[in-house]
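Trainee: Okay, here's the structure, questions in a sec.
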Amino acid sequence: MKIAEASVLLVTCIVLFSGHGVCSFSYDYSATMECLATPKRAQYGGGMIGFNQRTNGSTLSSELGVSNDGLHNTILSLRTIKLEKGNLYTFSAWVQISNGSESETVAVAFKASNGELVHGGETMAKQGCWSLLKGGIVAGFTGVVEILLMSKAMEIRVVNVSLWPFTAKEWRSHQDKSIDKVRKKKVSFKVTYANGTAADGALILILQTKSGFPFGCGMNHYIVTDEAYRQWLASRFKVTSFTNEMKWYSTEKTRGVENYTVADAMVNFAEQNGISIRGHNVFWDNRVMQPKWVKDLPPAELMKAATRRLNSVVSRYAGRLIGWDVMNENLHFRFFEDKLGENASSMFYSMAYHLDPSTTLFMNEYNTIENSKDHTATACKYKEELEKILSFPGNASLKAAIGLEGHFRDPKPNIAYMRSALDILGTMGLPIWLTEVDVGGGPDQAHNLEDILREGYSHPAVEGIIIFGGPIAAGFKCLTLANYDFEPTPVGEVVDKLINEWKSGRRQVRTDSRGMSAILLFHGDYRVEVSHPLLNSSMSINFKVTKETENITVLLQFDA
């Protein structure tokens with residue numbers, strides 16, 4: 001139990017924090033991603049498919065339609081169903097492989113009547129145990145689709161299959177309920193007089209001074225000189241990442257000549273305005289994105305240059321950042337692995353950790369949540385790579401986090417797939433951040449952005465979101481949040497709306513005959529003023545609402 005005391009005027013306040021634990025979430029990311037000897041039952045009892053009766057591990061490849069397409073040795077046709085346009089469908093199944101390699105990817109896809117495939121998710125299946133395959137689809141049309149399981153394995157076994165439909169309204173309701181569970185806490189107030197009797201009718205004014213959830217925006221070098229841009233960003237956001245200014249190609253264009261002038265100025269601006277910074281990035285694994293002089297260095301020279309770079313930038317900002325993208329996009333690219341060996345990423349994480357052990361270290365990647373067609377960086381492959389980094393000698397204690405960029409380009413984001421990927425990564429028990437969220441243009445851009453942000457914010461494993469957008473005056477053309485006059489665009493209006501919706505703002509309550517009152521508040525910092533119409537006294541106190549405490553009770557006692 002933590003006890004804090006404050007005394008103002010004639011009033012004494014005691015804030016009691018009690019209880020510890022984790023809320024029970026409606027999102028299914030508690031299901032283990034480990035391979036199990038016995039599969040769990042089908043989610044929702046099977047839903048539209050209902051294969052829950054197949055718990056004996058029968059080999060469905062001998063019972064269902066089996067084919068191949070030249071890329072996959074086995075394609076199982078599970079069922080043909082009708083989708084309704086606008087509905088969201090969650091898919092899950094327990095799978096294993098046999099008669100081949102020890103492990104192999106098994107994916108689910110939805111095949112339309114015109115032959116188009118919509119990829120819905122995948123898992124790494126093994127012999128002799130059952131792996132959970134999760135995924136989903138947002139129906140862009142009303143019509144029949146065939147549900148397929150696809151793998152390079154010679155044989156797939158599948159049991160306990162589920163497909164469950166949600167209307168958009170039901171999905172939003174689910175999100176709202178989850179937000180109430182994972183982003184808010186019930187705060188109770190009890191006000192008494194000096195003699196211990198209840199203070200009926202006491203007025204409690206509640207003002208949230210800081211959000212407990214980091215919802216931020218990227219910024220670029222325009223912030224150094226554009227006062228209107230500075231005011232626009234500082235008035236809205238308390239967390240940021242720089243778009244390019246900390247990257248190696250920005251700070252050391254010529255070998256041995258470092259220039260941190262712009263990055264330092266941006267850091268100073270952020271600190272002066274109480275804005276936390278995610279460092280982006282120490283290294284980028286894409287050869288194209290190296291400084292020109294780095295690209296063709298021999299291994300020994302590259303290692304020398306990379307070590308100097310890491311020591312320079314991490315030490316320079318040690319203790320001033322909340323996180324570092326140590327390696328950017330090391331699933332899609334492998335410049336450093338090809339030059340320095342398979343453990344290059346792991347080695348750089350170890351070095352960064354020992355230079356700045358208190359800062360959270362991210363592995364940052366794209367298309368893990370936003371593009372189900374990209375099999376390079378699926379949630380399972382991301383998990384496997386990050387586990388490899390953490391298993392490197394000396395890395396077990398580093399503060400690791402999951403960075404998912406979130407560059408959505410499809411006309412209709414597959415929110416069901418996004419949720420399944422977050423569920424899978426949530427099993428790692430590490431903080432998940434959406435680090436560079438932007439959305440392709442078009443008439444539905446604002447609506448799509450809102451869907452994506454709500455899905456991320458409502459998911460219990462997500463602990464931060466940063467949008468990569470901003471005013472057009474600062475060069476943001478993909479996700480333009482404000483026009484040249486810094487007035488909000490339609491997507492900017494969505495962002496402003498959610499900023500206001502996801503905070504408690506200014507609230508007031510009165511105590512009942514027992515001197516009690518209760519209210520549901522977002523996590524964050526609060527200032528509370530208490531007064532009573534019969535007393536010529538009032539007080540104000542500060543306290544926090546955090547996710548770590550299950551119940552919060554504020555006891556207040558008037559001395560007169």
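Trainee: Inspect the stretch 520-530 for any residue being under 14 Å from Ala199 (Cβ atoms) and not polar (S, T, N, Q) and give the result as yes or no.
Mentor: Filtering the stretch 520-530 down to residues under 14 Å from Ala199 (Cβ atoms) leaves 530.
Of the ones still in play, those that are also not polar (S, T, N, Q) are 530.
Yes - at least one qualifying residue is present in the stretch 520-530.
Trainee: Six or more apart or on different chains, Cβ under 9 Å: which pairs go from a residue in the stretch 488-514 that's closer than 20 Å to Tyr229 by Cβ to one that's of a type in the set (A, V, I, L, M) and open to solvent by 20 Å² or more (accessible area, probe 1.4 Å)? Could you list them?
Mentor: So the pair list comes out as Thr489/Ala446; Thr489/Ile472; Pro490/Ala446; Val491/Ala446; Gly492/Ala446; Glu493/Ala446; Val494/Ala446.
Trainee: Right, something else. Out of all the residues in the stretch 204-223, is one or more in contact with a Lys or Arg (Cβ under 8 Å, 6 or more places away or on another chain), touching a residue at least 24 places away in the same chain (Cβ under 8 Å), aromatic (Phe, Trp, Tyr) and not in a strand (DSSP E or B)?
Mentor: Yes, some residue in the stretch 204-223 is in contact with a Lys or Arg (Cβ under 8 Å, 6 or more places away or on another chain), touching a residue at least 24 places away in the same chain (Cβ under 8 Å), aromatic (Phe, Trp, Tyr) and not in a strand (DSSP E or B).
Trainee: In the list Val314, Val294, which residue meets the criterion of being open to solvent by less than 70 Å² (accessible area, probe 1.4 Å), at pLDDT 95 or above, touching a Leu at 6+ places or on another chain (Cβ under 6 Å) and in the same structural domain as Val437 (by the TED database)?
Mentor: Answer to the check: Val314.
Trainee: With (1) assigned to a strand (DSSP E or B); (2) among the aromatic types (Phe, Trp, Tyr); (3) without any contact (Cβ under 8 Å) to a residue 40 or more places away in the chain as the list, and Tyr484 as the residue in question, which single condition is left unmet?
Mentor: The number of the failed condition is (1).
Trainee: Consider Lys477 carefully, then state whether it is at pLDDT 95 or above and not assigned by the TED database to the domain that holds Ile137.
Mentor: Spelling it out, it is not the case that Lys477 is at pLDDT 95 or above and not assigned by the TED database to the domain that holds Ile137.
Trainee: Right, next: Name the residues in the stretch 79-117 that are outside any loop (DSSP other than H, G, I, E, B) and in contact with a Lys or Arg (Cβ under 8 Å, 6 or more places away or on another chain), would you?
Mentor: Across the stretch 79-117, the qualifying residues are Thr90, Phe91, Ser92, Trp94, Val95, Gln96, Ile97, Ser98, Ser103, Glu104, Thr105, Leu117.
Trainee: Does the stretch 58-68 contain any residue that is at pLDDT 60 or above and part of a loop (DSSP other than H, G, I, E, B)?
Mentor: yes
Trainee: Are any residues in the stretch 234-265 surrounded by fewer than 18 Cβ atoms within 10 Å (Cβ to Cβ) and β-branched (Val, Ile, Thr), and if so, which ones?
Mentor: Once the filter is applied, which keeps residues that are surrounded by fewer than 18 Cβ atoms within 10 Å (Cβ to Cβ) and β-branched (Val, Ile, Thr), the stretch 234-265 yields Thr254, Val257, Thr261.
Trainee: It is to be established whether one or more residues within the stretch 289-303 are within 21 Å of Ile466 (Cβ to Cβ), in contact (Cβ under 8 Å) with a residue 40 or more places away in the chain and in contact with a helix residue (DSSP H, G or I) (Cβ under 7 Å, 6 or more places away or on another chain).
Mentor: yes
Trainee: Out of curiosity, is Asn268 surrounded by fewer than 16 Cβ atoms within 10 Å (Cβ to Cβ) and either in the same structural domain as Leu340 (by the TED database) or acidic (Asp, Glu) (or both)?
Mentor: Yes, satisfied.
Trainee: Also: Select from the stretch 345-359 the residues that are surrounded by fewer than 22 Cβ atoms within 10 Å (Cβ to Cβ) and within 21 Å of the chain's Cα centre (by Cα) and list them in ascending order.
Mentor: Of everything in the stretch 345-359, just one residue is surrounded by fewer than 22 Cβ atoms within 10 Å (Cβ to Cβ) and within 21 Å of the chain's Cα centre (by Cα), namely Ser358.
Trainee: Filtering the stretch 27-57 down to residues that are basic (Lys, Arg) and modelled with pLDDT of 55 or more, which residue is most open to solvent (accessible area, probe 1.4 Å)?
Mentor: Arg41
Trainee: Within the stretch 237-283, work out how many residues are of a type in the set (A, V, I, L, M) and out of contact with any Ser or Thr (no Cβ under 8 Å at 6 or more places or on another chain).
Mentor: Total satisfying the criteria: 6.
Trainee: Which number in (1) among the hydrophobic types (A, V, I, L, M, F, W, C); (2) in contact with a Gly (Cβ under 7 Å, 6 or more places away or on another chain); (3) surrounded by 20 or more Cβ atoms within 10 Å (Cβ to Cβ) marks the one condition that Ala198 misses?
Mentor: Answer for Ala198: the failing condition is (3).
Trainee: As an exercise: evaluate Arg172 against (1) under 23 Å from Gly46 (Cβ atoms); (2) surrounded by fewer than 22 Cβ atoms within 10 Å (Cβ to Cβ); (3) at pLDDT 95 or above and give the number of the one condition it does not meet.
Mentor: Every listed condition holds for Arg172 apart from (1).
Trainee: Which one of the conditions (1) closer than 27 Å to Asn367 by Cα; (2) open to solvent by 20 Å² or more (accessible area, probe 1.4 Å) does Gly323 fail to meet, given that it meets all the rest?
Mentor: Gly323 satisfies all of (1) closer than 27 Å to Asn367 by Cα; (2) open to solvent by 20 Å² or more (accessible area, probe 1.4 Å) except (2).
Trainee: Taking the condition of a type in the set (Val, Ile, Thr) and either modelled with pLDDT under 95 or within 31 Å of the chain's Cα centre (by Cα) (or both), does Val144 pass?
Mentor: Answer is no for this residue.
Trainee: Anything in the stretch 513-526 that is farther than 22 Å from Lys181 by Cα and loosely packed, with under 14 Cβ neighbours inside 10 Å? List them, or say none.
Mentor: Once the filter is applied, which keeps residues that are farther than 22 Å from Lys181 by Cα and loosely packed, with under 14 Cβ neighbours inside 10 Å, the stretch 513-526 yields Ser513, Arg514.
Trainee: Here is a follow-up. Only residues that are within 13 Å of Leu83 (Cβ to Cβ), within 29 Å of the chain's Cα centre (by Cα) and either at pLDDT 95 or above or surrounded by fewer than 18 Cβ atoms within 10 Å (Cβ to Cβ) (or both): list them for the stretch 107-133, please.
Mentor: Correct list: Phe110, Gly120.
A quick yes/no check of all residues on (1) at positive phi; (2) over 14 Å from the mean Cα position of the chain (by Cα); (3) assigned to a strand (DSSP E or B); (4) of a type in the set (Lys, Arg):
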position	(1), (2), (3), (4)
Glu436	no, no, yes, no
Gly441	no, yes, no, no
Ala446	no, yes, no, no
Glu450	no, yes, no, no
Arg454	no, no, no, yes
Tyr457	no, no, no, no
Ile466	no, no, yes, no
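Trainee: For the stretch 376-409, which positions are surrounded by fewer than 16 Cβ atoms within 10 Å (Cβ to Cβ), out of contact with any Ser or Thr (no Cβ under 7 Å at 6 or more places or on another chain) and not polar (S, T, N, Q)?
Mentor: Glu384, Glu387, Pro393, Ala396, Arg409 - these are the residues of the stretch 376-409 that are surrounded by fewer than 16 Cβ atoms within 10 Å (Cβ to Cβ), out of contact with any Ser or Thr (no Cβ under 7 Å at 6 or more places or on another chain) and not polar (S, T, N, Q).
The values are calculated or read from the model by the stated rules, or taken from the named source; none is laboratory data. The model shown is predicted, which means the values in this text are computed figures rather than measured ones. Ideal geometry is used to build each Cβ from the backbone, glycine not excepted, and the neighbour counts take in all protein chains shown. For the accessible areas, the whole protein counts, side chains as well, though only heavy atoms, and no ligand, DNA or RNA atoms are used. Shrake-Rupley method; radii C 1.70, N 1.55, O 1.52, S 1.80 Å.
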